[in-house]
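Below is one structure, written out as structure tokens; the observations come after it.
The values are calculated or read from the model by the stated rules, or taken from the named source; none is laboratory data. Note that the structure is a prediction, hence the values are computed from the model and not measured. FYI the Cβ positions are ideal-geometry reconstructions off the backbone, even for glycines, and counts take in every protein chain you see.
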């Protein structure tokens, strides 16, 4: 472009949340749009205009063409909230717009689509270009689908993990033992992290728990914790909280820990993609970036869990251990019973209720959530060289029963910033009843999660499913199995229709011996 006033535009802030994608808005009648041959959805580079080239600000964005001057006038360039924040100049500032060069790493994506094996430098290039917003969501989707369909070899998972860690900040604690725990997901209501963190922190071990938002589930740890405290914390504040409280329950995205992972998750979520290789890289990149040295991985296994067979579980365990070992992360993997939801609530508010009942030692607290949390917390405590093998469970139980875990949770909430607004359970309520007398012989995790998501979870915090019966429970015909809660009539109707077609519960006349299996 020529360097004169005719090729500059005024910056306008367009108050639209484009969710992890930089978007620019240019009016169709803008002279620059016509002369430069821009097209909708093309990648553009926006540069600030000032006297010192070294202090120019730049940002890449996907171009949207508008016809409404209320959005952007002919002498303006609009930027979405994320892009405006990244450019970091005031509204009205003069800027220039130019065609952006295609990301150099896109050739590696094309090779992956063709089924080729990628090397470390390929993944580094892809991660770097994604972090710099050089990829559109369509291009990222192509990379994710190719990685899912042709699969990632174990070395590729290692390379991808390393590349994602290198593209963000990395916390260092200066301690030989920094613990963490992660569940691969797929089990509704499995909110054990919110119990394990205060137990471990109360023991004195460091556990900087950073979590992602839900990808394909009705709630993630960060979604549920956000009802109690702020989870989007700047890195400096996060470090201070963790050092003071010995733990946290925060969203990793705000801390710039493996930020490429959060961008990819924003594409995975609407596509419901969650391939094994991508999942392992995502989990381990976040844990390494958070400075973890010891990690416990929970792999629930069951007929409607993510992992359905022991062979698949063992293969996944080997992949976690292979990548962790080469990146200096001590990993222990447990395979747990994933035949049914854990706890009663499915959805942020309902899951929070379960967690607080356990922390308060409420007699009404779901026993399975309490026991699984103690079992996993005990395994994490045994990372401590002063805790002998087999003693972890008893120590965890003492910390919970004594109220120390509840006290620590309160301290963490205050440190992160207590949320004073109370979110209620969705007011729209529908009951699903047993079609016949018998025993609950199967619960479909996928269908229960689907119903909760249709009801509005996790975006609508009060939406979800409240389970009244679990595996092995006797039921009478017409007896309630669960309630559906929603905030909006349209979501409520979708959830009802889905539950009416398929409740997710199987009722048998008799309970076959050994059909339920061990609790964990």
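I need the full set of residues from segment 69-101 which are part of a loop (DSSP other than H, G, I, E, B), closer than 24 Å to residue 35 by Cα and more than 29 Å from the chain's Cα centre (by Cα), in order please.
69, 70, 71, 72, 73, 74, 75, 92, 93, 100, 101 - these are the residues of segment 69-101 that are part of a loop (DSSP other than H, G, I, E, B), closer than 24 Å to residue 35 by Cα and more than 29 Å from the chain's Cα centre (by Cα).
Evaluate segment 21-29: report whether one residue or more is at pLDDT below 95, under 35 Å from the mean Cα position of the chain (by Cα) and surrounded by 11 or more Cβ atoms within 10 Å (Cβ to Cβ).
So far as segment 21-29 goes, yes, one or more of its residues are at pLDDT below 95, under 35 Å from the mean Cα position of the chain (by Cα) and surrounded by 11 or more Cβ atoms within 10 Å (Cβ to Cβ).
Checking residue 351 against (1) more than 20 Å from the chain's Cα centre (by Cα); (2) buried (at least 20 other Cβ atoms within 10 Å of the Cβ), only one condition comes out false. Which one?
With respect to (1) more than 20 Å from the chain's Cα centre (by Cα); (2) buried (at least 20 other Cβ atoms within 10 Å of the Cβ), residue 351 is out only on (1).
Residues being surrounded by 15 or more Cβ atoms within 10 Å (Cβ to Cβ) and in a loop (DSSP other than H, G, I, E, B): count how many of those fall in segment 410-431.
5
Just the residues that are within 24 Å of residue 349 (Cβ to Cβ) and surrounded by 18 or more Cβ atoms within 10 Å (Cβ to Cβ), please, taken from segment 495-509.
Residues satisfying the conditions are 495, 496, 498, 499, 503, 504, 505.
Looking at 340, 371, which is the one that is within 30 Å of residue 459 (Cβ to Cβ) and either in the same structural domain as residue 228 (by TED's automatic domain parsing) or part of a helix (DSSP H, G or I) (or both)? Talk me through it step by step, then tell me what you get.
On the way: 371 fails: within 30 Å of residue 459 (Cβ to Cβ).
Of 340, 371, the one residue that is within 30 Å of residue 459 (Cβ to Cβ) and either in the same structural domain as residue 228 (by TED's automatic domain parsing) or part of a helix (DSSP H, G or I) (or both) is 340.
From 462, 478, 472, which residue is in a loop (DSSP other than H, G, I, E, B), farther than 15 Å from residue 443 by Cβ and more than 24 Å from the chain's Cα centre (by Cα)?
Exactly one residue qualifies, and that residue is 478.
Have a look at 327, 316 and point out the one that is surrounded by fewer than 20 Cβ atoms within 10 Å (Cβ to Cβ), within 21 Å of residue 285 (Cα to Cα) and in the same structural domain as residue 407 (by TED's automatic domain parsing).
327
Which condition breaks for residue 379 when tested against (1) assigned to a helix (DSSP H, G or I); (2) farther than 30 Å from residue 332 by Cβ; (3) in contact with a strand residue (DSSP E or B) (Cβ under 8 Å, 6 or more places away or on another chain)?
Of (1) assigned to a helix (DSSP H, G or I); (2) farther than 30 Å from residue 332 by Cβ; (3) in contact with a strand residue (DSSP E or B) (Cβ under 8 Å, 6 or more places away or on another chain), only one is false for residue 379: (2).
From (1) in contact (Cβ under 8 Å) with a residue 24 or more places away in the chain; (2) touching a strand residue (DSSP E or B) at 6+ places or on another chain (Cβ under 8 Å); (3) in a helix (DSSP H, G or I); (4) more than 19 Å from residue 225 (Cβ to Cβ), pick out the condition that doesn't hold for residue 351.
(4)
Consider segment 189-218. How many of its residues are in contact with a strand residue (DSSP E or B) (Cβ under 8 Å, 6 or more places away or on another chain) and farther than 22 Å from residue 380 by Cβ?
Of the residues in segment 189-218, 2 are in contact with a strand residue (DSSP E or B) (Cβ under 8 Å, 6 or more places away or on another chain) and farther than 22 Å from residue 380 by Cβ.
Among the residues of segment 30-55, write down those that are part of a loop (DSSP other than H, G, I, E, B), without any contact (Cβ under 8 Å) to a residue 60 or more places away in the chain and within 34 Å of the chain's Cα centre (by Cα).
Of all residues in segment 30-55, those part of a loop (DSSP other than H, G, I, E, B) come to 30, 37-42, 49-52.
Those still in the list that are without any contact (Cβ under 8 Å) to a residue 60 or more places away in the chain too: 30, 37, 39-40, 42, 49-52.
The answer is 39, 40, 42.
Would you check if there is a residue in segment 119-135 being farther than 18 Å from residue 166 by Cβ, at pLDDT below 95 and in contact with a strand residue (DSSP E or B) (Cβ under 8 Å, 6 or more places away or on another chain)?
No, every residue in segment 119-135 fails to be farther than 18 Å from residue 166 by Cβ, at pLDDT below 95 and in contact with a strand residue (DSSP E or B) (Cβ under 8 Å, 6 or more places away or on another chain).
Considering each residue of segment 287-319, count those that are in contact with a helix residue (DSSP H, G or I) (Cβ under 9 Å, 6 or more places away or on another chain), outside any loop (DSSP other than H, G, I, E, B) and over 18 Å from residue 339 (Cβ atoms), and give that number.
Looking only at that region, the number is 10.
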